[in-house]
Structure formats: structure tokens, C-alpha cells
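Trainee: I have a structure I would like to understand better, so I am pasting it below and will then ask my questions one at a time.
Every number here is computed from the coordinates shown, using simple stated rules; none is lab data. Being a predicted model, the structure only gives us computed values, none of them experimental. Virtual Cβ from ideal backbone geometry, glycine too; neighbours counted across all protein chains shown.
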Amino acid sequence: MIEFKLEQVLKEIDFNMNKLAVLANVRPNTVNDLVNGKTKRIELETLDKLLYAINQSSLMRNVGKYYQIQDLIQFHTINNEFEKLQKPLISPDIYKKIKSIFEHEIIYTTITGLNNISAKDFLLLYEDYFKKGVERNYQKNGFYEDQIISAFLAIESMLKAHGLIDYYEVVEDDHYSFIPSKKGLYFLNQLKSDTEKKEDS
């Protein structure tokens with residue numbers, strides 16, 4: 001089943017359908033149909049225009065995310081047997097090893113109340129921040145945000161070594177930042193699931 005995610009993207013960049021249609025130079029009805037899941041087909045040129053406009057808006061509004069086709073259109077299978085055959089992005093054994101590493105890695109932060117926190121607990125605590133993207137730029141952020149960035153940079157090499165992050169370029173500041181990779185999102189979801197299981201037991 002094809003699912004359209006444009007409505008969610010518009011909320012993230014704080015944009016409405018008409019503004020996107022104007023900026024992307026596409027018909028308002030096309031945007032409307034995508035948002036409401038009524039589109040039966042879409043031209044690649046239209047997708048290209050929409051993504052360009054969305055990413056321009058993301059940069060201007062400092063959303064901290066680079067959008068791709070899979071952020072607009074996703075495929076979900078309704079075949080449970082097929083889902084069982086799919087391999088997880090991280091095998092259970094590898095997941096346990098990475099989890100153990102992050103549990104034992106202590107981050108020494110200057111964030112009040114979090115002077116010594118495990119990398120695992122830090123990721124769970126700042127999951128939403130991580131998903132928006134960690135910009136390695138200390139000039140335009142407040143003191144508290146700089147502390148969070150500093151803590152993320154302390155574990156950047158660990159995240160990179162295990163393939164848990166992807167990099168993207170922030171054009172206006174000419175520097176690189178990172179967000180969770182697909183593998184990283186899978187790892188975060190597994191951590192959350194484990195934590196919820198502990199709380200329920």
C-alpha cells in the first residue's frame with residue numbers, strides 16, 4: 001500500500017499547501033491530492049519540484065532536516081508473511097553488542113542534572129533533537145543547545161562507527177551535520193522498545 005506523507009512534512013516545515021504550490025510552481029490541486037492521498041500517479045518532475053521547494057523551506061526555517069522521496073511517499077506491505085521474511089537492519093546479536101557499548105559509554109556533560117549520563121540514556125532523552133539533525137555550529141544556538149550539541153559530538157565517532165548516522169550539508173553555513181541513518185532509527189526504536197518492556201514488567 002502506498003502512503004503519502006506530505007501532510008506531515010508540511011507540518012514539520014510549518015508550511016501550508018498553497019505556499020508549497022506557489023514555491024514549487026505546481027498546481028494547487030496536485031498538492032491537495034498528495035496531502036489527501038487521492039493521487040493515482042505523479043510525475044518525477046513534480047516530485048523534484050516539490051522536494052526542492054520543501055528543502056529550501058527547511059533550510060530557511062532552520063528545520064534541520066533534508067527531505068527525500070521516501071519522506072513524501074512510503075510503501076507499506078499488508079502481507080505479514082513477507083514482513084517476517086525481511087531481515088532486521090541490525091541482527092539481535094549485533095544490536096545487543098552496540099547497546100552494551102552505549103550503556104557503558106559515559107558522557108560528561110555540563111547540562112544541569114546530566115553531568116554523567118550513559119550514551120544510551122542520552123540518545124533516548126534527546127531522541128527528538130537527534131532526529132531533527134545535529135548541526136555542528138555553535139554560533140547561532142543558545143547556551144543550552146550548545147551543551148546538547150557538545151554531548152552529541154562526544155559520541156559522534158561511536159555513532160559513525162556503527163553506521164547509526166548519515167551526514168548532510170547545511171548550504172548556508174557551509175558545514176556538515178548529521179541525522180540518524182535508517183539503521184540509527186532502527187537502533188533507537190529497539191532501545192525505546194526495550195525501555196518500555198522494562199517499565200511494563
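Trainee: Grab every C-alpha pair in the chain, bin the distances at 5 angstrom width from 0 up to the longest one, and report whole percents.
Mentor: 1, 6, 13, 16, 15, 15, 14, 10, 7, 3, 0
Trainee: Go ahead and estimate [θ] at 222 nm for the chain from helices alone: -39,500 (n - 2.57) per DSSP H run with n ≥ 4, summed, over the residue count, rounded to 500.
Mentor: About -16000 deg cm²/dmol.
Trainee: Please give the charge dipole size of the chain, origin at the Cα centre, charges +1 on K and R Cβ atoms and -1 on D and E Cβ atoms. Round to the nearest 20 debye. Walk me through the numbers on the way to the answer.
Mentor: Details: 26 positive and 30 negative charges, 92 e Å.
Dipole size: approximately 440 debye.
Trainee: Give me the number: length gained by fully extending residue 147 to residue 185, i.e. 0.36 nm times residue separation minus the C-alpha to C-alpha distance, one decimal in nm. Write out the running numbers ahead of the final one.
Mentor: Working: separation 38, 0.36 × 38 = 13.68 nm, distance 2.27 nm.
Between residue 147 and residue 185, full extension yields an extra 11.4 nm.
Trainee: In nm, what is the difference between 0.36 nm times the number of residues separating residue 8 and residue 101 and their Cα-Cα distance? Each step should come with its number before you reach the end.
Mentor: Numbers: separation 93, 0.36 × 93 = 33.48 nm, distance 3.41 nm.
Extending this stretch completely gives an extra 30.1 nm.
Trainee: Just to be sure I understand the model, the point goes 7 Å from the Cα along the line to the Cβ. What's the resulting residue 47 to residue 125 distance in nm?
Mentor: Distance between label points: 4.0 nm.
Trainee: Right, here's the next one. Between residue 22 and residue 70, what length comes free when the chain is fully extended (0.36 nm per residue of separation minus the Cα-Cα distance, one decimal in nm)?
Mentor: Details: separation 48, 0.36 × 48 = 17.28 nm, distance 2.24 nm.
Using 0.36 nm per residue and subtracting the Cα-Cα distance, I get 15.0 nm.
Trainee: Now for a separate question. Arranged from highest to lowest average of other beta-carbon atoms within 10 Å per residue, in what order do the peptides 36-42, 153-159, 19-25 appear? Write out the running numbers ahead of the final one.
Mentor: On the way: 36-42: 11.3, 153-159: 15.3, 19-25: 16.9.
My ranking of the peptides, most packed first, is 19-25, 153-159, 36-42.
Trainee: Amide H of residue 73 versus every other amide H placed in the peptide plane: which residues, excluding those fewer than 5 positions away on the same chain, fall under 5 Å?
Mentor: Placed amide hydrogens put 5 under 5 Å from residue 73.
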